[in-house]
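Quick notes on the structure that follows.
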Amino acid sequence: MLTNYVYKLRPNQTQTSKMSAWVNMLRSHYNWCLNDRIVQYNQQFIQGDYCDIKTRGEASPLTCFVSKSGATGNPWKDSKSDKEGNTRNPRRSATDIQITALPELKKARPWYSGIDSTVLQQNIKRLDTAYSNFFAGRGFPKFKNRSNFTSFTCVMGVKIQGNKIYLPKLGWMRFYNSRPIPNGFTIKACTVRKRQDGWHISLRIEDKSVPEYRARPLEQVTKVVGCDLGITKLVHLSDGYQIENPKFSTTKKARRTLKIRQRRVSRQVKGSKKRQKAIKQVGHFHQKISDRRQAHQWKVANKIVSRNIDAIALEDLNIYGMMHRCQVRTDEKTGRFLKNGQSRKKGLNRAISDASWGDLILKIEYLAAKQGKVVIKVNPKYSSQKCRSCGHIDQSNRDGEKFICVECGYHEHADIGAAKTIRDRALEIVRGDSAKLGACHLNAQKISPRSKSKRGEFGNLGNKDIKTEMS
């Protein structure tokens with residue numbers, strides 16, 4: 001089993017300044033490696049053929065590299081012969097080339113010799129992970145600044161004795177041993193991170209003799225609870241239980257406190273010590289809100305998972321799309337910009353960000369896995385607009401927290417009804433009624449307002465009807 005434990009460090013003044021210097025140098029190294037890859041890509045695939053200064057002839061960057069020491073310079077490994085005796089020169093990746101160039105970096109910039117070699121290697125692999133996310137469709141890697149680069153990782157030489165931990169080239173350091181590591185677990189890696197209240201360390205520990213958490217199969221699921229996430233109430237459950245939303249950062253008091261502290265920052269002279277002190281106060285306030293939100297979410301997740309149930313049905317929300325800006329509207333005649341509702345949507349975006357549904361879902365999944373329970377994500381489309389009595393879907397069915405069907409007059413609490421609908425859709429997946437829709441992305445029909453559904457309850461189709469519908 002592989003898991004993480006987080007502790008707060010207690011470094012001395014020398015270790016604190018050394019770790020801060022490491023973070024600054026690693027950020028510079030990360031940005032240099034990223035720029036190196038971008039430049040080499042431009043030289044090879046965008047710039048095209050160029051004139052070689054030595055030979056005074058035309059050369060192609062696909063075969064003759066412009067910079068031999070760059071991310072794509074010297075791309076071939078030493079020739080090797082396979083079992084059949086054929087020689088081949090395997091191509092190296094940009095990560096391998098940049099890791100191999102680390103000794104040259106230490107010679108050119110001796111101050112990098114004070115950083116552990118595994119930390120520098122993990123810094124390049126961090127960039128490689130960013131590129132992997134880019135190829136998976138999550139955005140191109142960005143250059144880091146002081147606000148979004150505050151950590152480093154080492155994978156070797158970490159030891160613990162009592163309330164002291166040893167980090168390579170940093171020495172023994174005290175820490176708050178608030179959670180002893182179980183017997184049999186070994187430290188695989190650690191990540192040191194700087195926060196507003198000091199330095200924290202996350203230890204990745206593993207014990208292969210302990211089996212991983214396994215959820216029970218869907219065939220054994222009998223009791224399911226549906227969860228509808230909201231803003232007025234944080235969670236509505238299908239059994240009628242509601243959990244309050246404290247709104248830690250959007251209350252009147254919190255917004256006023258943040259406004260006052262931000263005003264203090266703007267009034268100070270740039271670069272002065274008073275300005276730095278005011279900035280720290282703003283950071284401490286944000287961290288206090290974050291810690292309170294995290295603690296509350298763990299309690300909420302524990303309340304939901306600890307129920308006498310076998311599975312938890314959650315909404316498969318596109319939170320990024322929900323917080324996206326409104327489309328621009330212009331007048332066809334004059335070309336002037338028209339009101340598109342973005343000023344009103346700004347408050348909704350703040351409320352969604354404060355609720356932090358994504359983090360809550362992750363905590364529910366984690367605790368459910370520890371207790372062997374199943375988490376099923378279903379499509380929430382029309383869950384709060386569909387009548388549970390006649391199946392009519394209409395936007396006017398819902399008025400705030402009230403649900404009154406305009407077709408048959410059925411009424412109930414809108415969010416609790418939506419949680420029941422989510423529970424029923426999860427039960428259909430468990431029972432196998434929606435075999436092809438079992439990926440938890442149920443494709444609802446496009447139903448115009450004031451039009452009645454022809455399918456009745458969602459997913460209640462016979463096997464023959466399913467084949468006809470899918471074909």
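Computed from the coordinates by the stated procedures, all read-outs in this text should not be read as laboratory data. Values in this document were obtained by computation on a predicted structure and should not be read as measured data. Here the Cβ is made from the backbone with ideal geometry for all residues, glycine too, and neighbour counts use every protein chain on show.
Could you list V23, V378 in order of exposure, starting from the residue whose Cβ has the fewest other Cβ atoms within 10 Å? Please report the intermediate quantities before stating the final value.
Values: V23 17, V378 27.
Fewest-to-most ranking of V23, V378: V23, V378.
Farthest toward the positive end of the dipole of the stretch 252-403, out of H324, V374, I289, is the Cα of I289, where the dipole comes from beta carbon charges about the Cα centre. Each peptide among 351-359, 223-231, 392-400 gets the average number of other Cβ atoms lying within 10 Å of its residues, and from highest to lowest they stand as 223-231, 351-359, 392-400.
With a cap of 16 neighbouring Cβ atoms within 10 Å, and only residues DSSP puts in a loop, list the trypsin sites (Lys or Arg not before Pro) found in the stretch 297-336.
Values: sites: K299, K303, R307, R325, R329, K333, R336; in loops: R307, R325, K333, R336.
When the trypsin sites (Lys or Arg not before Pro) of the stretch 297-336 are filtered for loop state and at most 16 Cβ neighbours within 10 Å, R307, R325, K333, R336 remain.
Computed 3J(HN,Hα) for the stretch 347-352, one whole-Hz value per residue from the Karplus formula 6.51 cos²θ - 1.76 cosθ + 1.60 where θ = phi - 60°, is x, 5, 5, 4, 5, 5, glycine and proline marked x. Neighbour counts of C-beta atoms inside 10 Å place R256, R10, R216 in the sequence R256, R216, R10, starting with the fewest.
Give the calculated FRET efficiency between I231 and K273 to the nearest 0.05, with a Förster radius of 35 Å applied to their Cβ-Cβ distance. The calculated FRET efficiency here is 0.30. As a ratio to 2.2 N^0.38 Å, the alpha-carbon radius of gyration computed for the stretch 140-222 takes the value 1.49. Going by neighbour counts of Cβ atoms within 10 Å, the residues H284, H29, H324, H296 line up, fewest first, as H324, H284, H296, H29.
Pairs K194/K370; K8/K420; K208/K233: which exceed 31 Å Cα-Cα? Check vs 31 Å cut-off fails for K8/K420; K208/K233. For the stretch 107-165, the set of trypsin sites (Lys or Arg not before Pro) satisfying both a DSSP loop assignment and a count of at most 14 other C-beta atoms within 10 Å is given as R138, K142, R146.
Distance between the 7 Å Cα→Cβ label points at S396 and D239: 3.8 nm. Here the gap between R256 and V406, fully extended at 0.36 nm per residue and compared with their Cα-Cα distance, gives a gain of 49.8 nm. Loop-located GluC sites (Glu not before Pro) in the stretch 154-248 (DSSP state not H, G, I, E or B) with no more than 10 neighbouring Cβ atoms inside 10 Å: E212. Going by a ≥ b ≥ c, the root eigenvalues of the Cα gyration tensor, does the stretch 299-415 fall in the rounded group (a/c under 1.5), the prolate group (a/b larger than b/c) or the oblate group? Note, shape of the stretch 299-415 comes out oblate.
Report the gain in length on full extension from H286 to F143: 0.36 nm times residue separation, minus Cα-Cα distance, nm rounded to one decimal. Provide the component values of the computation, followed by the final result.
On the way: separation 143, 0.36 × 143 = 51.48 nm, distance 2.38 nm.
Net length gain for the segment: 49.1 nm.
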